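These notes concern the structure reproduced below.
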Amino acid sequence: MLKVSITGPESTGKSTLSEQLARHYDTVWVPEYARSYVGNLSRAYTLQDIEKIAHGQWELEQEAMRQAKTILFADTDMLVLKIWSEHAFGQCPDWITQKLKQQDYNLCLLMGVDLPWEPDPQREHPHMRQFFYDWYKRELETLQVPFIQVKGQQQERFEMARQHVDNLLQKHQYRN
């Protein structure tokens, strides 16, 4: 099973690209668990909530792996939760850090901030996207995770991502 993570700052098209790629490769994608979790809160989220979200995200991915065909696309990963936690609370739960080190994605797609910001009640930092992008890039480099930077409008992003996924599949001798 090959695994691809779509990661990066808010409002960069992660969900859209995850869904497009899964449809193109006739497989499943892992949605962002935080959306439903935070959407159902009647209060501000806490550090403990972020850890619960991480557990939920991990479980969703494990479930999706049982359904996937050849390749799995994940709309978010433990890196998103680590950065979110550290920025919001100045710390990250150990469980998230441990799971981040255990992630075994064959490729991470780091989404650029060149798409227009789309307002959403769960999005918090419209003017900090470059700051977060740079943070994601540094973390991926430190973790020595294979990643590519995905930029351009939605169709360009899809074509760029598809090309890299095709290369990954070819390298591992899978065919679409």
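Could you check the spin-label model distance between Leu41 and Glu118? Points 7 Å from the Cα along Cα→Cβ, value in nm.
About 2.2 nm separates the two model spin labels.
Of the beta bridges DSSP finds with both residues in region 2-171, what % are antiparallel, to the nearest 5? Present the calculation step by step, with values, prior to reporting the outcome.
On the way: 1 of 16 bridges.
Bridges in region 2-171 that DSSP calls antiparallel: roughly 5 percent.
Report the charge-dipole magnitude of the chain in Debye, nearest 20, computed about the Cα centre from +1 at each Lys and Arg Cβ and -1 at each Asp and Glu Cβ.
That gives a dipole near 340 debye.
Hey, in the GNM for the chain with a 10 angstrom Cα cutoff, which one of Phe132, Phe89, Phe73 fluctuates hardest?
Looking only at Phe132, Phe89, Phe73, the biggest GNM fluctuation is shown by Phe89.
Cβ neighbours within 10 Å, averaged per peptide: list 93-102, 14-23, 106-115 in order, most packed at the top.
106-115, 14-23, 93-102
To test your reading of the geometry: what angle, between 0 and 90 degrees and rounded to tens, separates the Cα axis of helix 129-143 from the longest principal axis of the chain?
70 degrees
Could you calculate the FRET efficiency of Glu141 with Glu63 from 1/(1 + (r/R0)^6), where r is the beta carbon distance between them and R0 is 45 Å, rounded to 0.05? List each step's numbers first, then the result.
Details: r = 30 Å, r/R0 = 0.67.
Here the calculated transfer efficiency is 0.90.
If you line up the long axis of helix 47-67 against the longest principal axis of the chain, both from Cα atoms, how many degrees apart are they, to the nearest 10?
It works out to around 20 degrees.
Measure nothing but the geometry: give the 0 to 90° angle between the long axis through the Cα atoms of 78-89 and the longest principal axis through the Cα atoms of the chain, rounded to 10°.
20 degrees
Need one number: nm distance between label points at Gln130 and Lys101, each 7 Å from Cα along Cα→Cβ, rounded to one decimal.
3.4 nm
What list do you get for Trp135, Trp29 if you sort them by fewest beta carbons within 10 Å?
Lowest count first: Trp135, Trp29.
How about Lys151: which lysines have a C-alpha closer than 21 Å to its C-alpha, ignoring those fewer than 8 places off in the same chain?
Filter leaves Lys3, Lys14, Lys137.
Any read-out appearing in this document is the output of simple, stated calculations on the displayed coordinates, not a laboratory observation. Just so you know, these numbers come straight off a predicted model, no measurement behind them. All Cβ positions, even for glycine, are placed from backbone atoms using ideal geometry, and neighbour counts span all protein chains on display.
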